[in-house]
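Remarks on the structure that follows.
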Amino acid sequence: MILRIYQYAGPLVLTPLSFWLWRRQYNNITQVLVAWLLPILYAYIVPAVGTNVCKVWEFDVRWKLGRFRPHHGFVFGSAAAIIAWLVRGSSAKGIGDVLRYALVLCSVQGFWNLLYEVKALRIGLLKVYNQPWANGQGEEAIAFDYAPWFFGVFGAVHGLAIAGLEFLTRLAPLSPSRNVLYFILSLVFCIALPVLCFIGHSFQRHGHSGTRPAKKIKEVSS
């Protein structure tokens, strides 16, 4: 019940709050958008494809666009932006700071979103038709098969984008066109790397890409 209420109430509070927090952090609007908007766009693009194109995921909610809930980008994106702000330390002064923040955000996003996915699967808010599901395994196994890649790797790339832009801006302010290019490339990598890592994991573990619903093995009667 809590998660079903949160999916509507949470974004109403966290979306403007997360924007305000990052706007206070940065004067450069591109830095704000990299920190705040990237997770929202990621959570619209990747799950929309995963639900309505690949049909591996499905949301069990009242208002849906096919299998996708139309507010999902703000559900995940607002929370991800808040988490990124909470674990943010001082501005990145070197490559070590950039990598450290990426590792921290990878760990935190991966951990908390794994817990969220398990709970969402248990209450039926989310359905995932992956190989562990087809094998009859529990919610933990189902979530662990994809969550580290789609959330942990995303957190790492998002952290690299945030702290990397801090470092570059510290060296020399980017021109408007380079700011736009940086944002576009960050979005591309935020989408591509989690997906590619998941596909590689799925091929290695299951022998297929994991981008289509897995087929349940029919029991053979003796």
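Just so you know, all these numbers are worked out from the coordinates, no wet-lab data involved. Note that the structure is a prediction, hence the values are computed from the model and not measured. As a convention, Cβ positions derive from the backbone with ideal geometry for all residues, glycine included, and neighbour counts pool all protein chains shown.
Neighbour counts of other C-beta atoms within 10 Å: give me Cys197, Cys54 arranged from fewest to most.
By the 10 Å Cβ count, ascending, the order reads Cys54, Cys197.
Test of understanding: what is the full-extension gain from Leu103 to Ser209, defined as 0.36 nm times their sequence separation minus their Cα-Cα distance?
35.6 nm
Which of Gly159, Gly77, Gly200 moves the most in a Gaussian network model of the chain with Cα springs under 10 Å?
Gly200
Using a 10 Å cut-off on Cβ atoms, rank the peptides 122-130, 29-37 from the highest mean neighbour count down.
Highest-to-lowest ranking by the protection proxy: 29-37, 122-130.
Let me have the relative contact order for segment 2-206, percent, based on Cα pairs under 8 Å that are six or more residues apart.
25 percent
Provide the net charge surrounding Tyr146, with neighbours chosen by a C-beta distance below 13 Å and charges set as Lys +1, Arg +1, Asp -1, Glu -1.
Surrounding charge for Tyr146 is -2.
What aspartates and glutamates does Lys64 reach when the alpha-carbon gap must be under 20 Å and sequence neighbours fewer than 8 apart in one chain are set aside?
The qualifying aspartates and glutamates are Glu117.
With labels modelled as points extended 7 Å from the Cα through the Cβ direction, what inter-label distance (nm, one decimal) is found for Leu171 paired with Val188?
So the label points at Leu171 and Val188 sit 1.9 nm apart.
Determine, from the Cβ-Cβ distance of Ile217 and Arg122 and an R0 of 30 Å, the FRET efficiency 1/(1 + (r/R0)^6), rounded to the nearest 0.05.
Computed FRET efficiency for Ile217 and Arg122 comes out at 0.85.
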